[in-house]
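Engineer: Handing you this structure, nothing more for now.
The values are calculated or read from the model by the stated rules, or taken from the named source; none is laboratory data. Note that the structure is a prediction, hence the values are computed from the model and not measured. Because the Cβ atoms are built from the backbone with ideal geometry, glycine has one as well, and the counts that use them run over all protein chains shown. Accessible surface areas use protein heavy atoms only, side chains included; no ligands, DNA or RNA. Shrake-Rupley method; radii C 1.70, N 1.55, O 1.52, S 1.80 Å.
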Amino acid sequence: SVGRHHDHMGNEIDEQPAVAQRVLDILSPGIDGGTLWRGLGLPPLDRIDRIAVLGCGTSLHAGRAVAGVFERLGHMPTRAVTASEAAHEVWEPRTLVVALSQSGETADVLRALDTVPADRGTVLALTNNPSSSLARRAHAVIDCLAGPEIGVAATKTFVAQIVTGACVALSGLAVSARRDVAAFDADLLALGAIPETLSAALDAWHNRAKRLAADLATASGFLFLGRGSGLVYAAEGALKLKELSYRWAEHQPAGELKHGPLALVDAGTPVFVVDDGDPRLDVDIAEVRARGGRVLRIGERTLRVGGMPLHLPRRGPSWGPLETVVPLQMFARELALRLHRDVDKPRNLAKSVTVS
Ligand code: M6R
C-alpha cells in the first residue's frame, strides 16, 4: 500500500479511518428499516435464538466485538467459538453462525463449518474476500471492504470486520422487537463517529507510540487488561505485540488479576489497561501501581478532533472502545521496528493459514 511508511503495516494502520468511512458510506444507509439485513437474505432476527461467532486470531477478536452488539442491544445469548476447537461444539437450532475470516481460506474455519448441521444454523460470512471458499460455503456473505491487506498482522481488516459486523447487526436489530431503543440510538451516533475517533487516536499516538517503544524496549513481558467490552481490545493488543515483537504478552480480564496474574507484576512491569469507562478499572490500576507496575492506560474518554475536545459518552458503544486498538497496533509495530523485526512478515507466520 502507498503511504508515508516503508512497511505495509504502518500504511495499513493509517488507512483505518478511511476504511471505516468507506464501510459506513456503503452499508450504513441499509441499517434503517433493516434493508441491509433483508438484502443478505437472513431470517428476521426474531426467528434467531442465539449468535455464535466463529474465527481464529484477530478475526475471532473482531467477532467477539460484533457479538457484543447482538448481546447488549438485542439481549441475545452469544458465544465465541475458536474455530480450531470446534470439533465437539454443540450447535443448537436457530443459531446464526457469524463466521469471520479476512482471507476466507482459513482451514480451521472451513473445518469448523463442517460441524454445523445443515438444519441447525444459518451461516453469515464476514470476509475481505467475497470469492473465497468461506463465501461459497455460507448462506449469506458480506464483504468487509478493507481492500488488500499485505502485512501478515491484521489491522485494517480488524476494523473493517467490526464496522461491517456492527452495521449488519444494527440492521437486523432495527426491525426487531428485541431492540433496546435508547442504546440502539446511542450506538447509531457512535457508529458515525468511528472514523473521527480512529483519526484522533492516530494523531494522538503518532509520537507517543515511538517514545513508549524506546522506553519499553528491554521489557521481557507485557500484561494487557480490560473489562467488559474492552477485553477484546486487550486481547488484540497482546496478540499484535507477540506476533510482531516476539515478546511475551498476556491478556486478562482485569478482575482476574487478584486470582493469579498479579504475581507477575514487579517494579516496572508494563501493564496496558484498555479503558472502556468501567470505574472499577481505577481499583485495578491502583493494585498494579502498588506493586510498582507501569500502567499505560489506553482510551481516554475525551479525544481531540481538529483541536476541539470530543466528549465520548460514559457508556461506550456495544462493540467496545474500537479506537483503543490503534495505539496498541502502533506500539506493537514501533517496538518491533526498534527490535529490527520484519513487521510485514513476522517469523513462523503466514498471511493465510490453509492447513488445520
Ligand atoms: O484470514 P483469517 O482472518 O481467517 O486469519 C485468521 C488469523 O490467522 C489471523 O487473524 C491472524 O491471527 C493474524 N495474523 C493476526 O494479526
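Engineer: Using only the Cα atoms, work out Rg/Rh for the stretch 87-193, with Rh taken as the Kirkwood radius, to two decimals.
Structural biologist: 1.00
Engineer: When the accessible area of the stretch 188-253 is split by element with a 1.4 Å probe, what percent falls to carbon and sulfur?
Structural biologist: Answer for the stretch 188-253: carbon and sulfur cover 56 percent of the accessible area.
Engineer: How much length would be gained if the chain were fully extended between Asp282 and Leu189, taking 0.36 nm per residue of separation minus their Cα-Cα distance, in nm to one decimal?
Structural biologist: Working it through step by step, the gained length comes to 30.8 nm.
Engineer: Based on a Kirkwood Rh over C-alpha pairs, give the Stokes-Einstein translational diffusion coefficient of the chain at 20 °C and viscosity 1.002 mPa s in µm²/s.
Structural biologist: 105 µm²/s
Engineer: Right, here's the next one. Using a 1.4 angstrom probe on the protein heavy atoms only, line up Tyr233, Tyr246 by accessible area, largest first.
Structural biologist: Tyr246, Tyr233
Engineer: Given a 1.4 angstrom probe, what's the average accessible area per residue across the stretch 135-190, in square angstrom?
Structural biologist: Using a 1.4 Å probe on heavy atoms only, each residue of the stretch 135-190 averages 33 Å².
Engineer: Taking the Cα centre of the chain as the origin, how large is its charge dipole in debye, to the nearest 20, when only Lys and Arg (+1) and Asp and Glu (-1) carry charge on their Cβ atoms?
Structural biologist: For this selection, approximately 380 debye.
Engineer: Grab the Cα-Cα distance for Ala18 and Ile150, subtract it from 0.36 nm times how many residues apart they are, and report the gain in nm with one decimal.
Structural biologist: Gain in length upon complete extension: 45.8 nm.
Engineer: A further question follows. Averaged per residue, what accessible area in Å² does the stretch 28-117 show with a 1.4 Å probe, protein chains only?
Structural biologist: Spelled out: the 1.4 Å probe surface of the stretch 28-117, per residue, equals 39 Å².
Engineer: On alpha carbon coordinates alone, what is the Rg over Rh value for the stretch 153-307, Rh being the Kirkwood radius?
Structural biologist: Here the Rg-to-Rh quotient is 1.00.
Engineer: Another question, then. Could you work out [θ]222 nm for the chain from helices alone, using -39500 (n - 2.57) per DSSP H run of at least four and dividing by all its residues? Round to the nearest 500 deg cm²/dmol.
Structural biologist: -12500 deg cm²/dmol
Engineer: Please give the net charge around Thr82, taking every other residue with its beta carbon less than 11 angstrom from that of Thr82, where Lys and Arg add +1 and Asp and Glu add -1.
Structural biologist: Around Thr82, the charge tally is -1.
Engineer: Which of Ile31, Ser176, Val232 sits farthest toward the positive end of the charge dipole of the chain, with +1 on the Cβ of Lys and Arg and -1 on the Cβ of Asp and Glu?
Structural biologist: So the residue we want is Val232.
Engineer: Could you check the spin-label model distance between Trp91 and Arg291? Points 7 Å from the Cα along Cα→Cβ, value in nm.
Structural biologist: Placing both labels 7 Å beyond Cα along the Cβ direction yields 4.2 nm.
Engineer: In a shell of Cβ-Cβ distance under 12 Å around Asp14, excluding Asp14 itself, what net charge do Lys and Arg (+1) and Asp and Glu (-1) give?
Structural biologist: In short, -1.
Engineer: Separate question: If one computes the Cα centroid of the stretch 66-144 and of the stretch 185-221, what distance in Å separates the two points?
Structural biologist: With the stretch 66-144 and the stretch 185-221 each reduced to a Cα centre, they are spaced 29 Å.
Engineer: Pull out the extension gain between Asp46 and Trp248, defined as 0.36 nm times the separation in residues minus the alpha carbon to alpha carbon distance; nm, one decimal.
Structural biologist: 68.4 nm
Engineer: For Arg111, put the label point 7 Å out on the Cα→Cβ axis and report which residues of the stretch 327-353 keep their amide N under 15 Å from it.
Structural biologist: 353
Engineer: If you take the Cα atoms of the stretch 101-163, find Rg, then find the Kirkwood Rh from the mean of 1/r over all pairs, what is Rg/Rh?
Structural biologist: Rounded to two decimals, Rg/Rh equals 0.99.
Engineer: Follow-up question, since we're still on this one. Label 7 Å along Cα→Cβ of Asp119; the stretch 38-59 residues with amide nitrogen under 18 Å?
Structural biologist: Taking a point 7 Å out along Cα→Cβ of Asp119, the residues of the stretch 38-59 whose backbone N falls under 18 Å are 48-49.
Engineer: Moving to a separate point now. Carbon-plus-sulfur fraction of the accessible area of the stretch 1-159, 1.4 Å probe, in percent?
Structural biologist: Carbon and sulfur together cover 51 percent of it.
Engineer: Over the alpha-carbon set of the stretch 225-290, work out the extent along each principal axis and list the three values in angstrom, largest first.
Structural biologist: Principal extents (largest minus smallest coordinate, Cα): 31, 28, 18 Å.
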